Structures are given as structure tokens and as C-alpha cells.
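This report concerns only the one structure given below.
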Amino acid sequence: MSEENRLRERIALHGKSLFERGYGCGSSGNISVRLEDGILVTPTNSSMGRLDPARISRLDWQGNLLAGDKPSKEAFLHLAMYQERPEERAVVHLHATHSVAVSCLAEINPENVLPPITAYYVMRVGKLPLLPYYRPGDKALAEAVRTAAREHRAMLLANHGPVVAGKELDAAVYAAEELEETAKLFLLLRGERTRYLTPEQVGELTAHFPT
Ligand SMILES: [Zn+2]
């Protein structure tokens, strides 16, 4: 099997797994991987739970369709992330319930939305800026993602959901899952007096596990 076909299969496997565990409903959410000359990205109006590997869209760096079905309307978010972060090889974007809920809260810190609740969140996600709301398909959103991507591999789109990059597909999926679980914990703990990790503990983690 060619490397491209192997990646197509793995996108479909991860999509099915995410969908079956409730990380996406309907046709929401999209997954991409980097190729030498562009990306593979899930098609528009496709359910992550029933992806046909052969029909996953292949785009060049300008977003032109080279093979497969018409791409997700959100493919430009993925392209912006790869263009700014040459080391990343996969991007996952979800409309997962708890992450979206947090993205709608009026009083969150837009520079770093979630506190350091657990070590794995700090190791896999780190800082999470909030980007302003844009209507679906607005190209200004791609520019906002491009600017944030210069310093961050994960970001939360207001009233929408997270975009997370990783050095390979598994890493991007695991980071997106960790983010969703941390958003859930954050909501569970709201109103409770909570011990978050201290700046020293966060510093120790980032020194031992650089992203
Ligand atoms: Zn979206």
C-alpha cells in the first residue's frame, strides 16, 4: 500500500473512532494530514463515522482539488495551520460538545482558555488561545488561524470548536481528545474550589516534555 493510501485508511479509522465516542455529530469535524505537495482532508458533508478512504479529498497548497470528493468548507483552516507550522503533519478540528461549550463562555481568558488541570493537558495541548467568532466559510477566519498558528499548535474558535495540530496523526487526535476531556473537567469543576497545577509544576512539565 502506498504511503498516501495508508494515511487515507488511518484518517478513516480515527474518524470512525472519534465519531463513535461522540466527538462529532452529523457531518461536523474534519481531519487532515500533510503530504509532500499538499494535504489530504475529509470531504464536505461527510460523517467522520463513515469515511471512504478513496474519496478523501487531496488538495494542493493553494487549496485546489487534485483527487477525491469536494473538500470540507473548513479545509482552509487546515492549510493555514500547515503553512505556518512546517513541523506539523496532521490537524484535527472538532465541534465536540464540551470544547464548544467552553468557547461560548463570556468570561474566559482569550489568551489561554483552559487552566492547567492535568499534566497530560499541559503536555499535549499547552496554551489555548480563543479566536473571535466568524461565520462559516469566512476567509478572515483562516487569517486569524494563520496568525495564532505562529505561536500555537492548538486554538479554540469562539462559538465553534478547537483546531489542533500534531507532528503526526495520532498525536493530533490524542491532543484534540485531551482538550475535549479537559474542557469537560473544567465545566465539572466550575464553582468548586480547585487546585490547578502551579506555574512551577507547569514549568517542570514543559522543560521535560517540550512540544
Ligand atoms: Zn468547524
When the range 10-31 is examined, which residues are found to be open to solvent by 80 Å² or more (accessible area, probe 1.4 Å) and out of contact with any Lys or Arg (no Cβ under 8 Å at 6 or more places or on another chain)?
-> LEU13, GLU20, ARG21, CYS25
Starting from residues that are more than 19 Å from VAL173 (Cβ to Cβ) and β-branched (Val, Ile, Thr), keep the ones in the range 111-127 and report whichever is surrounded by the most Cβ atoms within 10 Å (Cβ to Cβ).
-> VAL113
Could you count how many residues in the range 29-57 are part of a strand (DSSP E or B), free of Cβ contacts under 8 Å to residues at least 40 places away in the same chain and at negative phi?
-> 5
From LEU141, LEU77, LEU156, grab the single residue that is under 23 Å from LEU40 (Cβ atoms) and either β-branched (Val, Ile, Thr) or in contact with a strand residue (DSSP E or B) (Cβ under 6 Å, 6 or more places away or on another chain) (or both).
-> LEU77
Residue pairs meeting the criteria (Cβ under 7 Å; at least 6 apart or on separate chains; first among the polar types (S, T, N, Q), in the range 182-197; second in a loop (DSSP other than H, G, I, E, B) and surrounded by 14 or more Cβ atoms within 10 Å (Cβ to Cβ)) = THR182/LEU114; THR182/ILE117; THR182/THR118
Residue match in the range 87-110 (condition: open to solvent by 40 Å² or more (accessible area, probe 1.4 Å) and closer than 23 Å to GLU36 by Cβ) = yes
Checked VAL100, VAL125, VAL92 against criteria (of a type outside the set (Gly, Ala, Ser) and more than 12 Å from the ligand (Cβ to nearest atom)); the one match is VAL125
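The values are calculated or read from the model by the stated rules, or taken from the named source; none is laboratory data. These numbers come from a predicted model, not from an experiment. Don't worry about glycine lacking a Cβ; one is built from the backbone with ideal geometry, like all the others, and counts go over all protein chains shown. The area values use the complete protein model at the heavy-atom level, side chains included, leaving out ligands, DNA and RNA. Shrake-Rupley method; radii C 1.70, N 1.55, O 1.52, S 1.80 Å.
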